[in-house]
Each structure stands twice: as structure tokens, then as C-alpha cells.
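Have a look at the structure below before the remarks.
The values are calculated or read from the model by the stated rules, or taken from the named source; none is laboratory data. Computed from a predicted structure; not experimentally measured. Every residue, glycine among them, receives a Cβ derived from its backbone with ideal geometry; neighbour counts consider all protein chains shown.
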Amino acid sequence: MDTQETVLEIPVAGSPVARPQTAFALAIFLSAFLLFQVQLIVAKQLLPWFGGTAGVWNTCLVFFQLLLLAGYGYAHAIMARLTKPHLVRAHIAMLAASVALLAVFAFYGRSPIYPSDKLRPETVTSPVWHILMLLSVSVGLPFFLLSTTGPLLQAWFTHTHRGTSPYKLYALSNLGSLLGLLTYPLFFEPSLSLRNQGRVWALAYLMYVSVCVLCALRFAQTREEDEVGLTLGQDHGISDIKPQLGQRLLWFGLASCGCVMLLAVTNLICQEIAVVPFLWVLPLSLYLLSFILCFHEKRLYLRGLFHVAFALAAVWGGIEFLQGNRVRVLAQIGWFGLLLFVACMVFHGELANLKPSPRHLTSFYLHIAAGGAFGTVLVGLIAPHIFPSTWEFQLGLWISGLVVAVVLWRDRNSWLHNHPRWLASAVVLAVVGAADYIGVSVTILHSDPVYLHLLVGVSTVVTLVLIALGPRSQGQRPILLQMAVLCGWCLFGMLFWLQVHREFNRAVLISRNFYGVLRVEYDQPIQQHHALLEKHGLTLHGAQLEAPGSRRKPTLYYGPSSGIGLLMLNRPASEGAPSSENRRMRIGVVGLGVGTLAAYGQPGDYMRFYEMNPEVVRLAKGEQAAFSFLAETAADSDVVLGDGRISLEKELAAGTPQKFDVLAIDAFSSDSIPVHLLTREAMKIYLGHLRHDRSILAFHISNRSLDLTSVLAGLAEQYQLGVVRVLSLTPEGEAEIPSDWILMAADPAALKTPVLLQHAKPLQLSRSATLWTDDYSNLLHVLR
């Protein structure tokens, strides 16, 4: 049996190398599995502390990628600078320290990897730095050591198993990562509480430490003569020449491109559906799958196939992005997922083609980690501060094309230099077709004829010139193909520029922070200025009519025929007061939006809004406000900055329940829902703030992709509440849109007023009721 084949084979009993190879394979597999499992577990634990936004996961990815870089740097440094005995002792000591740290957390905390509730920030002025600090304290050392395993043990493997390629272990590592990701939402998340997930993970980490120590001892026993093959470059036909600066820069650039696309696509998906592990896992799994396929022993990466697929997916992905909410959410996930996979196959396939000899293995992995860290920092930390909108997707895709072109330009055997005569004409025709397709598609979506005619016209003229020159050429003329590829790249850049140009032309204001992108714009047609809208991503969060007599009218999901509108317009009379007089009310609202519900405020009312995004507050209240609902309301009002659940919990702990007559939870109209606002623990907090049994909880659950009725039914059943549903499918009020509200009260009689009896219906479920807790939630159960 070839020794190269034994790494992933079942060891033969009695084989002298079976046990050592099994130890290395098991250690690398476990480290990769645990590395990605802990990312999901800890990120889910931190979500409720920071509003459940997509920025939490992106910040976690930045932390994990930076720590991965530190681990790879550590592996490279100790292999180059420490003697074998000192290296082994130092690494075993660090492994022992990490086990001791987990034991301390297990004894004093909720679980070995759960940050203590004492570390939860009282006020979140800088969410990014708070998250980085919490991750460092809770899982910093174990994650760092896990991240060193891949390059370090592969380097040890080359010393202990001369003549066997270590790159199979890299594929095994990616397989472990992929299984760690896929098993979490399908098995661990639905079956175990967060606390038990941490405990199971810690037990598996102890197993990893034990196996890793065995590998270290095996490496320490290696004789100097066993390393001759490595230093002489006996590495299966891979050149032992020291990689030059250009090759190292390409390692860095290709790894950066992959991570930029990973985070950009994850942003697009999570901002429009939900910030939950299932939707983190999908793009990350595609990213890892491309690594597995590209670094497989057999060449599964074919340039011709995947370069064509990359070009087509890039153009189609750009069109899908322009269409926005015209495309169904599941279709967006499918197309963006396909684009990510094809792009990563190209990046990682070219990376695999550039891999060095095992002698430079740790340097190779260090450059990959550095490129990945740069890409994640660029998208996760820098882009939100320098780009007013989510441009990193289009810009990253465009620049990635340039990086791949540089790789092909350097390789004189690539199709960019050597190709059949017909390829240049085919690419030219494809560029013209793409230009026409983009022109037609964008014209349908947005009318901007001057720029589109210029785009299609210039592309057509250039293409005709190239075709005219093509037949007269003798032999292979790579310049024609290279010019056509350049035109295609410029065409995609023009598409990106057009999208940015329209975005700024339509918007009154564009603002971006940790919580996402906010746009304030006029409704179409722009010239009439009949309504001012606020959008968060693709979700409409509020609108105000511009006509002088209509500015105080509630709109969208909050109109008079909506569940909250019926509730606010038909209040029960105060005791001892004439039935025609409405009593004063205390109203709480989780989710400010543009402050539309303030339009229902009457003299003597008190309205308290809870909002975590300071930019939303700025646009709804104060001198720079774009909307005037709060300024013009007849009620007294306050806005509490911070996550609604955390703020309400603090008020209860301080002994100041708000005694609301109505508490509206309006945080689910976006498809990116904060799951922590729908748990058993959150419901207990809401009930603690109600005035009496006739006070009403109102949940706004209008949503394109998720049916939350079963979750709310589970909460109502848990706390024995009366519940009705007001589904307004054909609203009649001015500027209203269909809405879905669920009303609950401890006293069912509060929901049996004449108006509610006329419009509300009992809650009918399409699936069984389910109860979410802070330790358990399952988004798959509520997908439409």
C-alpha cells in the first residue's frame, strides 16, 4: 500500500505507522470540528446581549479569523525558532493551561465556554470592542490552541512520516470543519441547551488535548535522520524552490478574496432573514467545501469550467442584487450561495495550484490566514466605517476578478495566453450579450437611459472592432482575448457604478453603523414627494405622508385597520368616567422605527419607546429628525436607547416596572428577527411590566419568510394567556399595507371588545406550537 494513501485509510492492525497516523488524523479532525462548533455556540450566546443583529456574527468572524492568524503565526514561529524539546514542553504547557481555564469557567459559570452574566455590558457604546473582549475572555485560549493544530501538526507529521504528503491532512481538517458546521444546526442546536452544548464541547476538547499530547510526544521522539527527506525536498513532485514575493502576495490576495466574499454574502443573507446559526452555517459550509474539493488529492478544480461559471454567476448575482426585494428570499439565498461557492472554487483552486513544498508549509498557511484576516477585517470592521452602504459585495466581486486575472497573467500556460482560435470570439460575444442583458434588466428595474445606452453602445463598438480583427489574425492572438476580458471586467465595474449612482440619486439620507444600513428616501414618483420612507436594508420600517393634513396619520403596518390601530382607537373607558372618554394610557413600544405609533397618542398618555440603534433615534427625534411623529404627538414620550429586552429587564431589577396598559413588541417586520425577544424568559419580563390582567401585549409579526404564530402560541400556552390574531390583508386606510398582529392578555375578556370581536380571529396554527427559550430556538421550524 502506498504510504500516501494511509492517512485517511482505516489503519491495519499491527501496522507500525497505523497508530501514529491515526493520532495525527484524529487530532486534526477534532481540532477543526471543535473550532467551528465553538464559533456557533459562543456567537449564539452573545446575540441577545447586543440586539441579535447581523453585526454580532460578523464581529465574531473577525475575532476568530484574527485568532486563527495568531495561531498560524505561533505555529510558524515555534517551528522556526524553538528546539524540539522546548517546543513540545511549551505547547503541552499551554494545552494544560487551557484545560485549567475551562475547569474554572465550568465551576463558576453557567458552562465551560459561556461568558459570565457579570460581564454583560450595562450600556453598549461600542458593540464591536465589547464582543471582542467577551470572546477573548470566554474562548480565547482554547480557540487559539485549536487554530494552531492544522499547520503545527502537519509540520510535525512531515517530520514523523517522511515521504507522506501532509496536504491530505489539510483536506481532513476542512472536512472536520464542515461536519462541525453542519451538525450544529441539524443536531446539537435542536437537541441540546446552550449550557449542555458548552459542556459537551468541553468534554470533546479534553479528548483533543489528550490526542494532541500523544502527537507531541511522537514528534519529540523523531530522530534527526528522519528529517533528511524533508530538507532535501522529497515531496511528491512539488518544487522545493523558495516561494518568491509575487507568489506569496497571490496566496494573501486569493485568501482575502475568499473571506471578503464569505462575509459579504453572509451579510446579505443574515440582514434579510435572521441572525441564527443555520444561516451562518450555509455560506461558511460552501466556503469550506471549496477548500476540501480544491485541496483533494485528485484535481477536482477545472479552470475552464469554474471560470465560465464564475463569470456567469457574477453577472447574474449583480442583477439579483439590483432587483432587491423583487426576488424571493429563498431564491436570493440560492443564487448568492451559488455565487459564493463558484467564486471560492476559483480562489481556492488557484491557491491550491500555487501551494509550495511541505518545507514551506507553515509559511503557506500563515499567508492564507493573514489574507483571511485582512478580508474579514476589511468587511467586518473597516467597510461599515468607510462605505455608507453595503458596497463590499459588489466591490469585492469586482476586485476578485482582477486578482484572478493577475494569476492567469502570471501563468503562461493559462487560457489567457494559450487558447483555441475560437475562444476570443466566443468571449467577445459573451461580453456583448452580458452588456445587452444588463442593459435590458436594469432598464426594466430603473429607468436611466443615458447611462445604459452609453454602456451598451461602447461595449458593442469595442466588440465589433475586436471581431473584425479576429479573423485576420494568424495563429493564437492572446491580445484579442485579453482585451475582451478587460472589457468584461470594466462592464461589471460600470454595473456597480450605476447601482451606486441610482442609490444616491433616490436617497435623501444614507447612514450605516453596527446595526446596518438605513435609507431615507421619497416614495415613487419622486417628484410628487407624497411620502417619506425609512428602509433598513430591504425592509420598510416606516413612512410619513407629506401632505400638510396627512402628516400625523399612521401608515403602513400601523394604520387604523391594523391590530394595533384597532386597539389604540378603541380604548376601554376609565372607571367612573363617561363611556365616550378614553382613559389615559401608558404605552410601551419595543422598536421605534419612525415613531408612527406616537400618532395615536392623546393628551395625558405616556409612550415609552425602546430602540437599540442610535441612528434610528436620531432620525425620529431631535433637531436632525427626518420624521415628526414624536415631535407632533399629543402624548408625553420618552425614548430609551438600548436593546428593548435588556432595558426592560434592568427596569424590573431596579424595582421600577412601567405598568403599561399596552406593550407592543414591534421588532419582527424585518426578516432578520431578534430571536431573543421571543423566548420564555423574554415573555416573563414583558408580563412583569403590565399594569394588570387586562393589559395587552401586541406582537407585530408581518414577515415574508417566517411564520411566528407557533412560537407565540407556545408562549401563550406557557403563561396561560388569551390570544387573538388580527390579520389585515386588504387595509382601506391611506398608505396602509397588509399587517399581521397577535394580541395577548392574562384576562381573555380584554380581547373580547366589540371591535376586536369583529376583526380578530382565534389563533389557528399550521404547525404545532413550540416554546423557545434562551437556551433553545429552532428557526427551521418556522420557515414558511
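Of the residues 645, 618, which is without any contact (Cβ under 8 Å) to a residue 12 or more places away in the chain and within 27 Å of the chain's Cα centre (by Cα)?
618
Could we say that residue 687 is surrounded by fewer than 21 Cβ atoms within 10 Å (Cβ to Cβ) and either touching a residue at least 24 places away in the same chain (Cβ under 8 Å) or farther than 23 Å from residue 56 by Cα (or both) here?
Yes.
Quick one: in region 165-193, which of the residues that are touching a Ser or Thr at 6+ places or on another chain (Cβ under 7 Å) and assigned to a helix (DSSP H, G or I) is nearest to residue 291 (Cα to Cα)?
Among those residues, the one meeting the criterion is 178.
Can you name every residue in region 49-81 that is assigned to a helix (DSSP H, G or I), within 16 Å of the chain's Cα centre (by Cα) and not small (Gly, Ala, Ser)?
Answer for region 49-81, where residues must be assigned to a helix (DSSP H, G or I), within 16 Å of the chain's Cα centre (by Cα) and not small (Gly, Ala, Ser): 50, 56, 57, 58, 59, 60, 61, 62, 63, 64, 65.
Looking at residue 113, is it touching a residue at least 60 places away in the same chain (Cβ under 8 Å) and over 18 Å from residue 200 (Cβ atoms)?
no
Residue by residue through region 614-633, note down the ones that are charged (D, E, K, R) and surrounded by 17 or more Cβ atoms within 10 Å (Cβ to Cβ).
If the condition is that a residue be charged (D, E, K, R) and surrounded by 17 or more Cβ atoms within 10 Å (Cβ to Cβ), then 615, 621 are the ones that fit.
Only one of (1) assigned to a loop (DSSP other than H, G, I, E, B); (2) closer than 21 Å to residue 618 by Cα; (3) of a type in the set (Lys, Arg) is not met by residue 645, so which one is it?
Result: residue 645 passes all but (1).
Kindly evaluate residue 705 against the criterion of being touching a Ser or Thr at 6+ places or on another chain (Cβ under 8 Å) and surrounded by fewer than 23 Cβ atoms within 10 Å (Cβ to Cβ).
In short, no.
Against the condition part of a helix (DSSP H, G or I), hydrophobic (A, V, I, L, M, F, W, C), surrounded by 16 or more Cβ atoms within 10 Å (Cβ to Cβ) and modelled with pLDDT of 85 or more, how does residue 30 come out, does it pass?
yes
Output yes when any residue across region 463-476 is more than 30 Å from residue 736 (Cβ to Cβ) and modelled with pLDDT of 70 or more, and no when none is.
No, because not a single residue in region 463-476 is more than 30 Å from residue 736 (Cβ to Cβ) and modelled with pLDDT of 70 or more.
When residues of region 81-106 are filtered for being more than 16 Å from residue 153 (Cα to Cα), polar (S, T, N, Q) and modelled with pLDDT under 85, how many remain?
Residues that pass the stated criteria total 0.
If only one of 75, 90 is without any contact (Cβ under 8 Å) to a residue 24 or more places away in the chain and in the same structural domain as residue 291 (by TED's automatic domain parsing), which one is it?
Result: 90 is the single residue among 75, 90 that is without any contact (Cβ under 8 Å) to a residue 24 or more places away in the chain and in the same structural domain as residue 291 (by TED's automatic domain parsing).
Which of (1) in a helix (DSSP H, G or I); (2) over 20 Å from the mean Cα position of the chain (by Cα); (3) buried (at least 19 other Cβ atoms within 10 Å of the Cβ) does residue 383 not meet, given it meets every other one?
Failing condition for residue 383: (2).
Is one or more of the residues making up region 736-746 of a type outside the set (S, T, N, Q), over 20 Å from residue 664 (Cβ atoms) and either assigned to a loop (DSSP other than H, G, I, E, B) or out of contact with any strand residue (DSSP E or B) (no Cβ under 9 Å at 6 or more places or on another chain) (or both)?
So far as region 736-746 goes, no, none of its residues is of a type outside the set (S, T, N, Q), over 20 Å from residue 664 (Cβ atoms) and either assigned to a loop (DSSP other than H, G, I, E, B) or out of contact with any strand residue (DSSP E or B) (no Cβ under 9 Å at 6 or more places or on another chain) (or both).
Only one of 655, 622, 604 is modelled with pLDDT under 85, more than 15 Å from residue 515 (Cβ to Cβ), assigned by TED's automatic domain parsing to the domain that holds residue 563 and outside any strand (DSSP E or B); which?
After applying the criteria, what remains is 622.
Would you confirm, using the coordinates I've provided, whether residue 694 is farther than 26 Å from residue 515 by Cβ and outside any helix (DSSP H, G or I)?
In short, yes.
Scan region 363-380 for residues that are surrounded by fewer than 23 Cβ atoms within 10 Å (Cβ to Cβ) and over 15 Å from residue 67 (Cα atoms) and jot them down.
Within region 363-380, 363, 378 meet the criteria.
Would you tally the residues in region 717-753 being without any contact (Cβ under 8 Å) to a residue 12 or more places away in the chain and more than 39 Å from the chain's Cα centre (by Cα)?
The total comes to 1.
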